[in-house]
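Visitor: Have a look at this one.
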Amino acid sequence: MIDNTVLPLEPTETIAVRRPQRWDAPMDALMSQSDVNWLKSREPFASMDAKAFPKTTPLEGILKNDCRLHRCEPGEIIVREGDYGNSAYLVIAGGVRLVLDSLTGEQLGRTPQTKMSWSEALSRFWRRSRVNEAREPHEITLSMTNGVTPVRQVDDRAAIFLQDVDAVLGTNETVPLGPGELFGEVAAMYRAPRTATVIAETEATLLEIRWQGLRILRRDPDFCRSLDDHYRTQWLPIHLRELPLMRHVPESNLSRVVEATQLQSYGRMEWNADYKRSRKLPAAEQILTEPMVAEEGRLPTELIIVRSGFGRVSQQFGAGHRTVAYVGKSHTFGLEELAYNALRDETSPPQPLQQSLRAIGFLDTLHIPAETFVSEVLPYIRRSELPAIAASLLVETPAFGKRASDDRRKASRPANSTSAESRGLAHPSGSQFETTGLLEFIVQNRLNNGREAMVIDLHRCTRCDDCVKACASVHDGNPRFVRQGSTHDRLQFVQACMHCADPVCMIGCPTGSIARDTDTGVVTIHEPICVGCGTCASACPYENIRMTSVNDHEGRPYHDATTGKPIIKATKCDMCSSSPTGPACQAACAHDALVRIDLSESKPLREWLERRQ
């Protein structure tokens, strides 16, 4: 008898492969060595010290791999107010205009969406097309109306143009920018929306620098100083003044706070690239991989303010840590401890930090030294602007105008109190939805990024699929989500666009067709300027954007008149923003099993869960 058993082979050798390198895919494959040499002869690069850069990422390598040259034509919209970006622009030649006034959506290539009346909604329902993804021609390409020309190619990229540039620039407040001037660096470095629109006034040559290269260029002391000075003088006072704590701080005090504030970043801005790998780790291991910002048990030396991204607040539990909350934009960390230590009796010991703060993916923070906070900010904080524990400490005192008595202070600060509870971010310990497990599940799957997450209570859901059918009826027969997703206990977090607080899908869109509505916060796709490149779908870490071909109402597919290729558009949940009922999925659920909810803070979910017990 022949034994056909296949025995496993002993590994006797390894296979040599080339490890992927950072610059395997340059930003512009057409950037030549002569282009690099020309850039090195111009400012600010001509004055940079090549020795300031690591051997693995030299200045020449940054210019060749992290930069792209653009030729812009007059009237071209380079960046638009409200769009997200991951690159800055340096004017090499020609001139551009930074428009300080807000332009209309029509001028920027966006058509404002208005809600339909009930009669219009019913008419659309009964007359809906039998063809999936059916569009009228004006819905997939821009017309020549409203002062906007259609999207057209400039060299190898898509661009949008204003029709009457002189009229727009003549009737709005603008700032001219010429050779050597940089714009867009704040949005690039701090993952923030663009604060102004920039238009090419003449034919101009621009150097686009992606944020990875911009960060390395900061190694040059003069370049770094110029960027920091610009941010500190132009934007930091605005960002601090937006905080409720700073609302009543006098200008002279705020100036001293601005001077003392330090800027810090933790983790990778491209956190979506690490998401799938990190989510597979057990929660205890995942926490340990996250950069530490402030550690439990140490005395607080600064007030930490979250500028962008998210942080995990955890507390020592046995041999590890458990999540007690997560914090996002404008939240503070260390406030209660700093206030207590500033107002305590000399006989009382200082209060150390009660929790640790770690970066979830990417976290950008402002750090105000404790001495500066106590002298310049604390005397002007109103009790109503503080969490309950800190507010109870701030009663009349000769030093601050406020102080708490010993008895009141001891009664108001129990030994196990946490900053998370005072912010209303922690779940009640008695909830049937176990506190730590749910919080860690949300953070582990980065669901804390969702401002309009779809959550289904599986104990109430009958799997009737009415939610999916309702979505399909509103969206050309093609539902914008599938009723599946990660589950925790009885909750299912469905794969539908969450309209994220940090919408990485918006970064890299060549025409800005995917944008956030400034009034509702809903992230929508303006199809007339969507070129179907798929950048947004690739960037979405939750796979909630799909690319699809579009047809007319007779089922005939649209195709490009020049290339003959089919017209592809990005599609995703738009929260049924034009429907009078709001999200059709939620309105159609007869069992109150589905909700669209903000997970960027855990308080809304906690309150929803409490109502269902």
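Visitor: Do me a favour and compute the ellipsoid semi-axes for the stretch 176-238 from its Cα gyration tensor, root of five times each eigenvalue, largest one first, whole Å.
Guide: After diagonalising the Cα gyration tensor, the semi-axes are 19, 15, 12 Å.
Visitor: Starting at the first residue of the stretch 83-94, write each ³J(HN,Hα) from the Karplus equation 6.51 cos²θ - 1.76 cosθ + 1.60 with θ = phi - 60°, in whole Hz, x for Gly and Pro.
Guide: Once θ is set to phi - 60°, the couplings for the stretch 83-94 become 6, 9, x, 10, 8, 10, 10, 10, 6, 8, 8, x Hz.
Visitor: Starting with the highest mean, order 258-269, 296-307, 458-469 by the number of other Cβ atoms within 10 Å, averaged over the residues of each peptide.
Guide: Taking the mean over residues of other Cβ atoms within 10 Å, the ranking is 296-307, 258-269, 458-469.
Visitor: Would you list the P(r) distribution for the stretch 190-318, with all Cα-Cα distances sorted into 10 Å bins from 0 and each bin expressed as a whole %?
Guide: 8, 28, 33, 22, 7, 1, 0
Visitor: Of the peptides 234-242, 26-34, how do they stack up when ordered by the mean number of other Cβ atoms within 10 Å, highest first?
Guide: Going from most to least packed, we get 234-242, 26-34.
Visitor: If you take all C-alpha pairs in the stretch 235-376, what percent of them are over 25 Å apart?
Guide: When all Cα pairs of the stretch 235-376 are counted, 33 percent exceed 25 Å.
Visitor: Would you list the P(r) distribution for the stretch 456-526, with all Cα-Cα distances sorted into 5 Å bins from 0 and each bin expressed as a whole %?
Guide: 3, 13, 18, 19, 19, 15, 8, 3, 1
Visitor: Holding the Cα-Cα limit at 30 Å, pick out from Lys329/Lys469; Lys64/Lys565; Lys64/Lys280; Lys280/Lys329; Lys329/Lys569; Lys469/Lys569 the pairs that are longer than that.
Guide: Lys329/Lys469; Lys64/Lys565; Lys64/Lys280; Lys329/Lys569
Visitor: From the C-alpha coordinates alone, can you work out the Kirkwood hydrodynamic radius of the stretch 513-602, in Å?
Guide: 15.5 Å
Visitor: Continuing with the same structure: Which percent of Cα pairs goes in each bin when the distances of the stretch 487-529 are cut into 5 angstrom slices starting at zero?
Guide: Result returned by the calculation: 5, 19, 24, 21, 13, 8, 7, 3, 1.
No lab work stands behind these numbers, since they all come straight from the coordinates. Model, not experiment: these values are computed from the prediction. All Cβ positions, even for glycine, are placed from backbone atoms using ideal geometry, and neighbour counts span all protein chains on display.
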